[in-house]
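The values are calculated or read from the model by the stated rules, or taken from the named source; none is laboratory data. Note that the coordinates shown come from a computational prediction; the quantities given were computed from them, not determined experimentally. Neighbour counts run over all protein chains shown; Cβ positions are idealised from the backbone, glycine included.
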Amino acid sequence: MTAEDCILFYRKAQCIHRDCHLNWLKENLNPILRALDPNMNISWSCQTCMKNYMNMLLGWYDRKEKENDVKKKTSVSRKKKKQTKRKN
């Protein structure tokens, strides 16, 4: 399971998958949280703190996906004008 899979699972179920044990969380999610805020003291033992961390990771994931979507869209689509019937 990847960090992205864990975040998406949390979005759907509002809980952490059973494969994501404490050491896995520390190894895979702490570097992302440290990148967001280097001064953060991360403790996965508190349920409220865990929910806050996961919400931060959801925001990080959404920003990452938005950047990827912007990079993928290179051409701009334009609406065609409707042609009205001419009166004779």
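Take the residues of the range 21-51 that are in contact with a Lys or Arg (Cβ under 9 Å, 6 or more places away or on another chain) and touching a residue at least 12 places away in the same chain (Cβ under 8 Å): which is nearest to residue 5 (Cα to Cα)? Per the stated criteria, the residue is 44. Helices (runs of 4 or more DSSP H) fully within the range 1-49 that include at least 1 residues being closer than 13 Å to residue 61 by Cα: 3-13, 30-36.
Let's see how each residue does on (1) closer than 15 Å to residue 25 by Cα; (2) at pLDDT 85 or above; (3) more than 22 Å from the chain's Cα centre (by Cα); (4) aliphatic (A, V, I, L, M):
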residue	(1), (2), (3), (4)
42	yes, yes, no, yes
54	yes, yes, no, yes
59	no, yes, no, no
62	no, yes, no, no
66	no, yes, no, no
71	no, no, no, no
75	no, no, yes, no
81	no, no, yes, no
88	no, no, yes, no
